[in-house]
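Enquirer: Below is a structure I'd like to ask you about.
Read the figures in this text as sums done on the coordinates, not as results from a lab. Here the structure is a predicted model, which is why all the values come from computation and not from measurement. Reconstructed Cβ throughout: ideal geometry from the backbone, glycine too, with neighbour counts over all protein chains shown.
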Amino acid sequence: MSEDNDDALPVAYYRQAMEAESRGEYETSRELCQKALDLYQRAKSDDVTMVYILLGRIAYSRDDLDAAEDWYRKSLAIDERNRDEHGAARTYHYLSAIAIDREDFECAKAWLQKSIRIKEKLGDDVGASESYHHLGFIAYMQDDLDAADEWYRKAIEIDEANGDEHGASLTYNNLSAVANARGDFQRAEELLWKSIRIKEKLGNEVGKAGSYHQLGVVAFDRGDYDAAEQWYFRSLEIYERLGDKRSMAKAYCNLSDLAKAKNDHEMAYDWLQRALRIIEEAGDVYELARLGSVFLDRGEFNEAKQMFRKALELGVNTTWRRWLTIYCRLWHCRLLGFVSR
């Protein structure tokens, strides 16, 4: 085999892996990555970093945060050794996403600041916008609405200047969440419709469903339960058609909250059980723990205890979720403390 063919083969495997990832065929993508990885490692080529990044994304998509971090750090070690600032900035951003999922927001901000410093130095406005967006999300999660609004507006300015309609649609959606948290429901809906119009133009069905769902949240928060139900069902229709189980579970949880607000406790229980069946089938320990935290914050101790116990049952035998098991145990102890009083 010629040297040119030797160089072309791992690239071909990598491109096929990228295509499989875009279709959600993660196992096929992982297998193709492994073939490319073997060839790059045999050739001692630093181009292996792009395979490490893709393997990290695959692991992240499967909620295997420990594995994703390991792959990203392998890539980062080569980037930093070669003083590849562009590659390092990209990897810092990916590492921030893992920290956000772990709710380690200070760590996430540190990664993002490192990424932004490089991107601004290199004039990479589009890359900086992605990191500004992450900082906006962190600020929102920490209830710092002014900072969230500021970061999202920095991102949207770049999105609009560069004609990045997809990025703009995401940022409009998140700006609507900030407006909703401030009680500015009219502004929240205006921003969501900006997002929806772009998503319709781009044929982004998943994104459109997410915005319909958010319209339901806004309607719920302003006390219009009939409108909330309408929007939740419109989003659910798309999720069910696309087979998006995780989003279906989220919609079921919101419909459960809605039924509870209407004092229909039997229907609320039914919707919640539908969500739990999906979450348990997927073995999604993190989502169970998140639901437990939501119930705990609302003072619904029996529901919270059920979520945390299920999360612990599923999480004990998954070594890469050790951090989550500890998290659940801490919250479970706190819960028992509240119950005992």
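Enquirer: Would you please classify the overall shape of the range 98-179 from the alpha carbon gyration tensor, given that a ≥ b ≥ c denote the square roots of the eigenvalues, rounded means a/c under 1.5, and beyond that prolate means a/b larger than b/c while oblate covers the rest?
Expert: Cα axes put the range 98-179 in the oblate bin.
Enquirer: Something else now. Helix 85-101 sits at what angle to the longest principal axis of the chain, using alpha carbons and giving 0 to 90 degrees rounded to 10?
Expert: 30
Enquirer: Moving to a separate point now. Spelling out what I want: for every residue of the range 245-255, take phi, set θ = phi - 60°, compute 6.51 cos²θ - 1.76 cosθ + 1.60 (Karplus), and round to whole Hz; glycine and proline get x.
Expert: 5, 4, 5, 4, 4, 4, 5, 4, 4, 5, 5
Enquirer: While we're here: What shape does the range 41-175 have by the C-alpha gyration tensor, where a ≥ b ≥ c are the square roots of the eigenvalues, rounded means a/c under 1.5, and otherwise prolate means a/b greater than b/c and oblate the rest?
Expert: prolate
Enquirer: Only helical DSSP H runs with n ≥ 4 go in: add -39500 (n - 2.57) per run for the chain, normalise by residue count and round the 222 nm mean residue ellipticity to 500 deg cm²/dmol.
Expert: -28500 deg cm²/dmol
Enquirer: By how many nm would the segment from Arg298 to Ser61 lengthen if fully extended, with 0.36 nm per residue of separation less the alpha-carbon distance?
Expert: Computed gain between Arg298 and Ser61 is 82.4 nm.
Enquirer: Would you mind telling me which residue in Gly216, Gly167, Gly203 has the biggest mean-square fluctuation in a Gaussian network model of the chain, where springs connect alpha carbons within a distance under 10 angstrom?
Expert: Highest fluctuation of the listed residues: Gly203.
Enquirer: Which cross-chain or sequence-distant (5 or more) residues have an amide H under 5 Å from the amide H of Asp47, H modelled 1.01 Å from N in plane?
Expert: Long-range HN contacts for Asp47: none found.
Enquirer: Also: Gain in length, Tyr225 to Arg241, computed as 0.36 nm per residue apart minus the alpha-carbon separation, to one decimal in nm?
Expert: Here the answer is 3.3 nm.
Enquirer: A further question follows. Given 0.36 nm per residue, what is the gain on full extension from Glu106 to Arg81 after removing their alpha carbon distance, in nm?
Expert: 6.5 nm
Enquirer: Between the range 178-231 and the range 86-143, what is the separation of their alpha carbon centroids in Å?
Expert: Taking the Cα centre of each part, the range 178-231 and the range 86-143 sit 26 Å apart.
Enquirer: Have a look at the chain and give its Rg and Dmax from the Cα atoms, expressed in angstrom.
Expert: Rg, Dmax (Cα atoms, Å): 21.7, 75.
Enquirer: List, in the order given, every pair from Lys74/Lys119; Lys245/Lys310; Lys154/Lys194; Lys74/Lys250 whose Cα-Cα distance in the structure shown is over 23 Å.
Expert: Lys74/Lys250
Enquirer: Sticking with the crude label model, points 7 Å out along Cα→Cβ, report the distance from Lys201 to Ala12 in nm, one decimal please.
Expert: With each label placed 7 Å out from Cα toward Cβ, I get 4.0 nm.
Enquirer: Could I ask something else about it? Can you tell me, using C-alpha contacts under 8 Å and at least 6 residues apart, the relative contact order of the chain as a whole percent?
Expert: 7
Enquirer: OK, next. Please build a GNM for the chain, connecting alpha carbons under 10 Å apart, and tell me which residue among Lys121, Lys194, Lys154 fluctuates the most.
Expert: Checking each option, the largest mean-square fluctuation is seen for Lys121.
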